[in-house]
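A quick write-up on the structure given underneath.
The values are calculated or read from the model by the stated rules, or taken from the named source; none is laboratory data. It should be emphasised that the depicted structure is a prediction, and the values quoted were computed from it without experimental measurement. No Cβ is skipped: glycine too gets one built from the backbone with ideal geometry, and neighbour counts run over all protein chains shown.
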Amino acid sequence: MIIMKLNKKLAQSALKAHHEILSKRSNKEKRSRHRLKLKKWWDKELNWIHVRLNNAYLEYRNSGWRQNERDTYRTIKKEFRARKRFNQKLKRDHTLRMIEDLFNNSKENFWRKIARMERKHITINLDVEKIKNEYEKIFTVSNLSNDEERINASKVEKFVHDNAGKTFKSSTNSSLIRLMLNGLSMNKAIGIRGISHEMLKYNTSNRLPVVLSKFFDLLTNHQITPKLFNISIIKPIIKDVNKPNDDINNIRLVAISDAFANLYERLLLHRIKSKHRDHEKQFGFKANSSCNHAAYVLKVAVNLAKCRGQRLYACALDAIKAFDKVSRDKLWLKMNDS
């Protein structure tokens, strides 16, 4: 009798535990679905793609993992991931979100908003002479001491004097110029000559790359720089419209260079990269790299230090206009050493 009661109690306890486990699992799934709905980047279009993705996976599984169903499933999966990344970027980038909202409007609302944007005028309440002095200061005021600057300047003068009148033998392949022409970015402001990047990129003449390659080789070999290559159109742009328009720190000075000068700079940069390699831990001012990569490396280093129980020392330095304050003479000497 006692054994039967004991077995009954054990069975009831086991059944109760089973129901508690199922209840917790159900609540966990509900919370998971609830969190999914609360994702800011989860919209109706992404939800519809997700439904199609689930259906495609079921068809793929029920077909016995056939190739055709597999291709369909992978295509929808790529579409889902692309839309997810776009939505996440849309939530982070205010400008992209504004453009997306603009194109989601109806035709009437679209043109109505465009008209309001055209009527919106942003002016800069600063004297032109003050802007000019501020821009010149960027290229004339150095972070180095006067003694060090004079030493570097004398070394550069000596280098220029020793190589004065020397003719180099640089040769540029016209196919490289054609590749750089195709890589020119679009929708850029036009420089002082009135020649746009589109004119160079979509030109159909096969002679243009040949002529430009010979012209650039002439500049390099005889150490010549056209005067217009050193002249830019300065456009002051307000950084934050909510801040005062007479604050020089709220003004971004954009220099619009000549299209041929931009192309020549691309060629020089290509030659420098062929002989110089950036440090693997440099993230700024580097192609296919950004501060996000540096932040990711820092997070990984922090996690590794935590796992190993080690200390991690980090230093954050934010130098104002550091890139603009680089000593040209010292940079010249560094390039000569390499």
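Descriptive notes on the structure:
- Number of the exception - SER290 against (1) of a type in the set (Gly, Ala, Ser); (2) surrounded by 13 or more Cβ atoms within 10 Å (Cβ to Cβ); (3) without any contact (Cβ under 8 Å) to a residue 12 or more places away in the chain; (4) in contact with a Phe, Trp or Tyr (Cβ under 7 Å, 6 or more places away or on another chain): (2)
- In the range 256-283, the residues that are assigned by TED's automatic domain parsing to the domain that holds SER232 and free of Cβ contacts under 8 Å to residues at least 60 places away in the same chain form Cβ pairs under 6 Å with partners that are part of a loop (DSSP other than H, G, I, E, B) and among the hydroxyl-bearing types (Ser, Thr, Tyr), at six or more places apart or across chains, as follows: PHE283/SER289.
- Subset of the range 72-97 [at pLDDT 75 or above, exposed (fewer than 12 other Cβ atoms within 10 Å of the Cβ) and more than 17 Å from VAL51 (Cα to Cα)]: ARG85, ARG92
- Residue identified as under 27 Å from LEU253 (Cβ atoms), among the hydrophobic types (A, V, I, L, M, F, W, C) and in contact with a His (Cβ under 9 Å, 6 or more places away or on another chain) among LEU176, LEU184: LEU184
- All of SER196, SER175 fail the test of being over 30 Å from SER327 (Cβ atoms), in the same structural domain as PHE229 (by TED's automatic domain parsing), in contact with a Lys or Arg (Cβ under 9 Å, 6 or more places away or on another chain) and at pLDDT 85 or above, apart from SER196.
- Any hit, the range 223-244, residues being part of a loop (DSSP other than H, G, I, E, B), in contact (Cβ under 8 Å) with a residue 40 or more places away in the chain and within 18 Å of ALA261 (Cα to Cα): yes
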